[in-house]
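A.B. asks: Okay, handing you the structure first.
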Amino acid sequence: MMSDDNQIDSEEESEEEISERGRNGSFFSTLVSGFLRNCLRSAPNMLNIPTQAFPAPGSQQRVAPSGQSGRNKVALKPGHSLMDWIRFAKSGKDLTGLRGRLIEVTQDELQKHNTRDDCWTCIRGMVYNVTPYMDYHPGGEDELMKAAGIDGTELFDQVHRWVNYESMLKECLVGRMATKAPAVIKAIIPPPPPTGLALAPPMSVAPPPDKDSRPRYDWFQTDVTVHLVVYAKRRIPSSGCTNIDLEAGVLRVQVLLGKMSYMIHLRLSDEVEGNVSVHTSFSVGKIQVTIRKQTKGKWTSLGQPLEFHNTFLRRKDRAPYYRDCVLLSKTEVNHNTYVFRFQPPRGSVRQVPVGQHVYLKANIQDSEVVRPYTPVDQSLSSNTSVQDSDLYLMIKVYPEGVLTQHLKHLNIGDHISVSSPEGTFSLRPLRDVTHLYLIAAGTGFTPMARLIRAALQEFDSIGQTKLLFFNRGEDDILWRRELSELAANNERFQVEYVLSEPPESWTGRTGRVDELMLKDVVVRPDGSKCFVCVCGPSAFTELTIGLLKQQGFSEEELHAFQG
């Protein structure tokens, strides 16, 4: 995060900074700080409580007025620290008032519990008595009371997808809301083809009507291979959008299409080899997955449909899917930042669209710690193939960062859990853009790295891409040599570095983001169409987005990366 004067140096925040942000953040921001250091073990699944983490839909964060950091700290009473809450929650005291019973809660009943001394709230269909937590909340009781007696899910959705509120509030669980679950979209299960068609490429799904934009799939086979073909019915980004996991005979294919996700999930008919290959026709939206059979012969069907097979759902309605990846290399970028290269397991393919991120998850001192990171290419000028599923993550290591210190001390060959891609960014708005402005701070540069390459290689209409890059000192600038070389060799790209603690020899811009600097750099020439992307700690991002809106930029012309 950044200090009160708006200087930053990373997406990654120290634990102290995360706790600071919790004091003026939205309803559940303090859960983030608590969870990172000392998350509780998951509660028994007494009511089939969903174990998935839940999404942040990319909603805009509140923008602080210009020149204000917005940090309204609340002094906690003695004996009410985070550790005190954890000890209190594990003390065995009845925190629900129901003596261990779990009940169904009607809407009318929930609304009755809306006072400071009797406060219930609902998250994802589960009701919690947060009254005992009031005095432990660094943001103050007013933040908690915003969700008193109502469904607080929308407030939770404004915070990171990986927050494990079930663990933090498990001793406060009252029960489940007595409401009907939303209708589940039924999977279209393909009927097995007649035996006589086994030698020909059978259709697994009847062709949908012409106006149906839902993807569909077919399959065909030879004696030695099985081929699954997905028709996305739209262009596919050159960075790819297909994520495949083949494990113990179960095939899981997820195709990321904007805010939607198409999934194939099957237990295959017979044994196959572990490797998977993917061939994509980007312009026509065709994806072909090829798997080799262990024994020659013909299959009468592709396999047995599993949960969510052949479904087309909003991405935020699917839980992140984790696989263990192995650390292949660790390359120093500067004095405190490294590029970690992770390789997915055999049978897995990871294609992360530009501007999107993955979650890293590790169990550290009996606590599950999760953080989002945006992949970069191997270098700014590399031509990484979508067939290369290795993930390159540029990560700043903090002296007291729980996960980053864990990463720093990983040995080559060690494993860590990596999720399927997440994020709301799309390249679609750039199709008609003439001027692209990228405003980054510290490792907020990471989503910009692949975006720069995409703008220069895939969008001829973008005549100017400019990066305004904020850091403390010269040694904090990431990939400075590569950025400067790219600017020198490509007239369509410019970069300006801004330092808050410059050396005496520095001749570039100095200071912090402000209204005058943005007006000088982010200009709108006559007849142009502009787009601005911002990434950095939340206070930096909030301030910058707010200043750009004051400058006349609309919501449609702005994107804030918020991991």
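A.B. asks: From the list 454, 440, which one is at pLDDT below 95, under 23 Å from residue 483 (Cα atoms), crowded, with 18+ Cβ neighbours inside 10 Å and aliphatic (A, V, I, L, M)?
C.D. replies: Within the list 454, 440, the selection yields 454.
A.B. asks: Now for a separate question. Yes or no: segment 543-551 includes at least one residue that is on the phi < 0 side of the Ramachandran plot and open to solvent by 60 Å² or more (accessible area, probe 1.4 Å).
C.D. replies: There is at least one residue in segment 543-551 that is on the phi < 0 side of the Ramachandran plot and open to solvent by 60 Å² or more (accessible area, probe 1.4 Å).
A.B. asks: Still on this structure, please answer the following. Has segment 185-195 got at least one residue that is assigned to a loop (DSSP other than H, G, I, E, B), of a type in the set (A, V, I, L, M, F, W, C), at pLDDT 80 or above and more than 23 Å from the chain's Cα centre (by Cα)?
C.D. replies: no
A.B. asks: Run residue 510 past the list (1) open to solvent by 40 Å² or more (accessible area, probe 1.4 Å); (2) out of contact with any helix residue (DSSP H, G or I) (no Cβ under 9 Å at 6 or more places or on another chain); (3) closer than 19 Å to residue 431 by Cβ; (4) of a type outside the set (A, V, I, L, M) and report the number of the one that doesn't hold.
C.D. replies: For residue 510, the exception is condition (3).
A.B. asks: For segment 335-369, enumerate the residues that are small (Gly, Ala, Ser) and touching a Gly at 6+ places or on another chain (Cβ under 6 Å).
C.D. replies: 347 - this is the single residue of segment 335-369 that is small (Gly, Ala, Ser) and touching a Gly at 6+ places or on another chain (Cβ under 6 Å).
A.B. asks: On to the next question. Would you say residue 548 is assigned to a helix (DSSP H, G or I), without any contact (Cβ under 8 Å) to a residue 60 or more places away in the chain and among the hydrophobic types (A, V, I, L, M, F, W, C)?
C.D. replies: Here the answer is yes, as residue 548 does meet what is asked.
Per-residue answers, yes or no, for (1) β-branched (Val, Ile, Thr); (2) more than 25 Å from residue 427 (Cα to Cα); (3) not in a strand (DSSP E or B):
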| site | (1), (2), (3) |
| --- | --- |
| 450 | no, no, yes |
| 461 | no, no, yes |
| 475 | no, yes, yes |
| 501 | no, yes, yes |
| 505 | no, yes, yes |
| 523 | yes, no, yes |
| 527 | no, no, yes |
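A.B. asks: Could you figure out which of (1) open to solvent by less than 50 Å² (accessible area, probe 1.4 Å); (2) touching a strand residue (DSSP E or B) at 6+ places or on another chain (Cβ under 6 Å) isn't true of residue 406?
C.D. replies: For residue 406, the failing item is (1).
A.B. asks: Any idea how many residues of segment 302-326 are surrounded by fewer than 18 Cβ atoms within 10 Å (Cβ to Cβ), modelled with pLDDT of 90 or more and assigned to a loop (DSSP other than H, G, I, E, B)?
C.D. replies: Number of matching residues: 3.
A.B. asks: Let me spell it out: the conditions are (1) in a strand (DSSP E or B); (2) in contact with a Phe, Trp or Tyr (Cβ under 8 Å, 6 or more places away or on another chain), and residue 363 meets all of them except one. Which number is the exception?
C.D. replies: All conditions are met except number (2).
A.B. asks: Scan segment 255-287 residue by residue and report those that are in a strand (DSSP E or B), open to solvent by less than 60 Å² (accessible area, probe 1.4 Å) and under 28 Å from residue 456 (Cα atoms).
C.D. replies: Within segment 255-287, 255, 256, 257, 260, 261, 278, 280, 281, 287 meet the criteria.
A.B. asks: Please go through segment 79-93 and pick out each residue that is outside any loop (DSSP other than H, G, I, E, B) and among the small types (Gly, Ala, Ser).
C.D. replies: 89 - this is the single residue of segment 79-93 that is outside any loop (DSSP other than H, G, I, E, B) and among the small types (Gly, Ala, Ser).
A.B. asks: Among (1) part of a helix (DSSP H, G or I); (2) at pLDDT 75 or above, which single condition is residue 174 missing?
C.D. replies: Among (1) part of a helix (DSSP H, G or I); (2) at pLDDT 75 or above, residue 174 violates only (1).
Condition check ((1) surrounded by fewer than 19 Cβ atoms within 10 Å (Cβ to Cβ); (2) modelled with pLDDT of 95 or more) across all residues:
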{"site": "337", "(1), (2)": "no, yes"}
{"site": "340", "(1), (2)": "no, yes"}
{"site": "347", "(1), (2)": "no, no"}
{"site": "351", "(1), (2)": "no, no"}
{"site": "355", "(1), (2)": "no, no"}
{"site": "364", "(1), (2)": "yes, no"}
{"site": "369", "(1), (2)": "no, no"}
{"site": "372", "(1), (2)": "no, no"}
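A.B. asks: While we're on this one: So residue 248 clears everything in (1) surrounded by 15 or more Cβ atoms within 10 Å (Cβ to Cβ); (2) modelled with pLDDT of 90 or more except one condition, right? Which one?
C.D. replies: With (1) surrounded by 15 or more Cβ atoms within 10 Å (Cβ to Cβ); (2) modelled with pLDDT of 90 or more applied to residue 248, the lone miss is (1).
A.B. asks: Any idea which of 405, 343 is more than 22 Å from residue 458 (Cα to Cα), without any contact (Cβ under 8 Å) to a residue 12 or more places away in the chain and over 13 Å from the mean Cα position of the chain (by Cα)?
C.D. replies: Every option except 405 fails the conditions.
A.B. asks: Looking at segment 146-157, is at least one residue out of contact with any Ser or Thr (no Cβ under 6 Å at 6 or more places or on another chain), surrounded by 21 or more Cβ atoms within 10 Å (Cβ to Cβ), over 30 Å from residue 264 (Cβ atoms) and at pLDDT 80 or above?
C.D. replies: no
A.B. asks: Moving to a separate point now. Can you tell me which residues in segment 486-500 are free of Cβ contacts under 8 Å to residues at least 40 places away in the same chain and either touching a Lys or Arg at 6+ places or on another chain (Cβ under 9 Å) or not basic (Lys, Arg) (or both)?
C.D. replies: Once the filter is applied, which keeps residues that are free of Cβ contacts under 8 Å to residues at least 40 places away in the same chain and either touching a Lys or Arg at 6+ places or on another chain (Cβ under 9 Å) or not basic (Lys, Arg) (or both), segment 486-500 yields 487, 488, 489, 490, 491, 494, 495, 496, 497, 498, 499.
A.B. asks: Here are 290, 295: which of them is of a type in the set (S, T, N, Q) and either open to solvent by 70 Å² or more (accessible area, probe 1.4 Å) or touching a helix residue (DSSP H, G or I) at 6+ places or on another chain (Cβ under 6 Å) (or both)?
C.D. replies: Result of the check over 290, 295: 295.
A.B. asks: Has segment 258-281 got any residue that is touching a helix residue (DSSP H, G or I) at 6+ places or on another chain (Cβ under 8 Å), at positive phi and in contact (Cβ under 8 Å) with a residue 24 or more places away in the chain?
C.D. replies: Checking segment 258-281: at least one residue is touching a helix residue (DSSP H, G or I) at 6+ places or on another chain (Cβ under 8 Å), at positive phi and in contact (Cβ under 8 Å) with a residue 24 or more places away in the chain.
The values are calculated or read from the model by the stated rules, or taken from the named source; none is laboratory data. Predicted model only: the values in this text are computed from it and were never measured. When we count neighbours, we look across all protein chains shown, and the Cβ atoms used for this are built from the backbone with ideal geometry, even at glycine. Just the protein is used for accessible areas: all its heavy atoms, side chains included, with ligands, DNA and RNA removed. Shrake-Rupley method; radii C 1.70, N 1.55, O 1.52, S 1.80 Å.
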